[in-house]
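The values are calculated or read from the model by the stated rules, or taken from the named source; none is laboratory data. Quick caveat: nothing in here was measured; it's all calculated off a predicted structure. Positions of Cβ are generated from backbone atoms using ideal geometry, with glycine treated the same way; all protein chains shown enter the neighbour counts. Each accessible area value is taken on the protein alone, full model and side chains, heavy atoms only, with ligands, DNA and RNA left out. Shrake-Rupley method; radii C 1.70, N 1.55, O 1.52, S 1.80 Å.
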Amino acid sequence: MTDASTTPEQSPHRDASIAASKSKADSRFLRVLNGETVDRPPFWFMRQAGRYLPEYRDIRAQTGSFLDLCYTPKKACEVTLQPIRRYGMDAAILFSDILVIPDALGQNVTFVTGEGPKLDPIRSGEALAMLSIDNVESHLEPVFETIDRLSSALDSKTALIGFAGAPWTVATYMVEGGSSKDFATIKAWAFREPDAVDRLIELVTEATARYLCRQIDAGAQVIQLFDTWAGVLPEEAVERWVIQPTRRLVDRIRAHRADIPIIGFPRQLGALTPTYCERTGISAVSLDTSVDLNFAAALQENTVIQGNLDPILLTVGGEAMKTAARRRLDRLGNQRYVFNLGHGITPAASPEIVSELSALIRDWPAR
Ligand code: CP3
């Protein structure tokens, strides 16, 4: 729970003149999320900070573990800004990771280079009882400091996105103990003992709600919820473990700050995407690469959409990349559309191709 003395208006770190100079009217991204028509679609790229950038690899090499990087505000701030300096995206996304929540709950989380995340798996009520909500906010204090630094460093044209994993996706890592091919462990547990999985999801939802409210207090202007594995559940389980926890998070965030835009990324949810949009109450939906443009355009009539360029095109470039990007720009246009990828930038992406894509978006609709 956040106490009223930490709202940005009253925070000692922010004076009224800074807040006033950060007028929302300057930000294309905030305006589009607010339903306004703009000169060209705003753009940012999921995982825009990361290993494809040599300057990121330099900082990463000078830092102990990946989590140390997430919890060192000066460095986390620097790597957030690296892609903004190169490409001038319309939004910066906080540098952190969705797995700081299990870490803050007391689960052992490590990142093994080349292998991805490793967690001591939670697979029983007893293991679940070892986790504690009590230290979540104090543990994540460095992340709030990173946001505070970023709010001062960014100009009013560049919005700041805070984020978290959606509860289902975070729970998959907590139970599987890392990345998974088939999610057999968490799905079997959910089908066998749904009430135990409810308790896990409830704990993650509460921790995430507190975390996101504090991100907003620190200066995050938009929230994105990454539900990377929303698409692995059967339809009847999507309501219980994807839609309802997301709805509760949205309600908690809106109770804290009514006008904050919330973008949901229910990856590979397919035909259930419109239901997800209606029932969760999110403000905008990020679409993966599999979504066809007619479906996207139909969704766009009722909601702001974001996505869905295939990130592998950033390793290929040339006409393949340009044709795909222009097709989306021409079809989805300068209202209720945020240019982005269908999933994160990969380490093999070329910084030069990212530059060409950024220029193409900035020059649209001129050819
Ligand atoms: O630039 C940004 O988008 C902000 C930072 C960010 C990271 N992870 C940094 C990161 C964000 C928004 C994430 C989200 C995230 N993390 C997701 C959801 C989005 C998605 O890609 O599906 C997920 C599932 C994770 C969990 C995670 N973190 C995995 C599976 C891995 C290993 C695989 C990989 O890409 O390396 C990570 C590590 C990670 N998170 C790295 C970065 C830059 C690479 C680690 C390193 O630099 O050593």
Tell me whether segment 218-232 contains one or more residues that are closer than 18 Å to residue 171 by Cβ and away from the ligand (no atom under 16 Å from the Cβ). no
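Restricting to segment 260-276, what's the tally of residues that are over 16 Å from the mean Cα position of the chain (by Cα) and either in a helix (DSSP H, G or I) or more than 16 Å from the ligand (Cβ to nearest atom) (or both)? So that I can check it myself, show each step before the final result.
Of segment 260-276, the ones over 16 Å from the mean Cα position of the chain (by Cα) are 269-276.
Narrowing the set further to residues that are either in a helix (DSSP H, G or I) or more than 16 Å from the ligand (Cβ to nearest atom) (or both) leaves 270-276.
So the answer is 7.
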Residue check, residue 80 against (1) buried (at least 19 other Cβ atoms within 10 Å of the Cβ); (2) more than 11 Å from the ligand (Cβ to nearest atom), all met but one. Which one? (2)
Looking at segment 86-105, is at least one residue open to solvent by 10 Å² or more (accessible area, probe 1.4 Å), away from the ligand (no atom under 14 Å from the Cβ) and without any contact (Cβ under 8 Å) to a residue 40 or more places away in the chain? no
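Considering only residues that are of a type in the set (Ser, Thr, Tyr) and in contact with a strand residue (DSSP E or B) (Cβ under 7 Å, 6 or more places away or on another chain), which ones fall in segment 160-212?
Of all residues in segment 160-212, those of a type in the set (Ser, Thr, Tyr) come to 169, 172-173, 179-180, 185, 205, 208, 211.
Answer for segment 160-212, where residues must be of a type in the set (Ser, Thr, Tyr) and in contact with a strand residue (DSSP E or B) (Cβ under 7 Å, 6 or more places away or on another chain): 169, 173, 179, 208, 211.
Among the residues of segment 297-306, is there at least one that is under 25 Å from residue 114 (Cβ atoms) and crowded, with 16+ Cβ neighbours inside 10 Å? It would help to see each step written out before you state the result.
Step one: filter segment 297-306 for residues under 25 Å from residue 114 (Cβ atoms), giving none.
The answer is no, given that none of the residues of segment 297-306 is under 25 Å from residue 114 (Cβ atoms) and crowded, with 16+ Cβ neighbours inside 10 Å.
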Can you tell me how many residues within segment 120-147 are out of contact with any Gly (no Cβ under 6 Å at 6 or more places or on another chain) and within 22 Å of residue 218 (Cβ to Cβ)? 14
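Any idea how many residues of segment 119-139 are closer than 20 Å to residue 164 by Cβ, in contact (Cβ under 8 Å) with a residue 40 or more places away in the chain and out of contact with any Asp or Glu (no Cβ under 9 Å at 6 or more places or on another chain)? If you could, list the steps in order and put the result at the bottom.
Narrowing segment 119-139 to residues closer than 20 Å to residue 164 by Cβ: 119, 122, 128, 131-139.
Now narrow it down to the ones that are in contact (Cβ under 8 Å) with a residue 40 or more places away in the chain: 119, 122, 128, 131, 133, 136-137.
If we keep only those that are out of contact with any Asp or Glu (no Cβ under 9 Å at 6 or more places or on another chain) as well, we get 122, 128, 131, 137.
Qualifying residue count, segment 119-139: 4.
Is one or more of the residues making up segment 146-153 out of contact with any Cys (no Cβ under 7 Å at 6 or more places or on another chain), crowded, with 23+ Cβ neighbours inside 10 Å and of a type outside the set (A, V, I, L, M, F, W, C)? Explain how you work it out, then say what you get.
First, pick out the residues of segment 146-153 that are out of contact with any Cys (no Cβ under 7 Å at 6 or more places or on another chain): 147-148, 151-152.
From what is left, the residues that are crowded, with 23+ Cβ neighbours inside 10 Å are 147.
Now narrow it down to the ones that are of a type outside the set (A, V, I, L, M, F, W, C): none.
Scanning segment 146-153, I find no residue that is out of contact with any Cys (no Cβ under 7 Å at 6 or more places or on another chain), crowded, with 23+ Cβ neighbours inside 10 Å and of a type outside the set (A, V, I, L, M, F, W, C), so the answer is no.
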Return the residues of segment 263-291 that are open to solvent by less than 40 Å² (accessible area, probe 1.4 Å), among the hydrophobic types (A, V, I, L, M, F, W, C) and either in contact (Cβ under 8 Å) with a residue 24 or more places away in the chain or at positive phi (or both); say none if nothing qualifies. 263, 265, 269, 277, 282, 284, 287, 291
As an exercise: evaluate residue 302 against (1) within 21 Å of residue 91 (Cβ to Cβ); (2) outside any strand (DSSP E or B) and give the number of the one condition it does not meet. (1)
For segment 315-335 the number of residues that are over 23 Å from residue 264 (Cα atoms), touching a residue at least 24 places away in the same chain (Cβ under 8 Å) and among the hydrophobic types (A, V, I, L, M, F, W, C) is 2
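Being open to solvent by less than 60 Å² (accessible area, probe 1.4 Å), of a type in the set (D, E, K, R) and part of a helix (DSSP H, G or I) is the requirement here; does residue 31 meet it?
Working: open to solvent by less than 60 Å² (accessible area, probe 1.4 Å): no; of a type in the set (D, E, K, R): yes; part of a helix (DSSP H, G or I): yes.
No.
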Yes or no: residue 185 surrounded by fewer than 16 Cβ atoms within 10 Å (Cβ to Cβ) and in contact with a helix residue (DSSP H, G or I) (Cβ under 6 Å, 6 or more places away or on another chain)? yes
Does residue 65 satisfy being near the ligand (Cβ under 9 Å from one of its atoms) and open to solvent by 30 Å² or more (accessible area, probe 1.4 Å)? yes
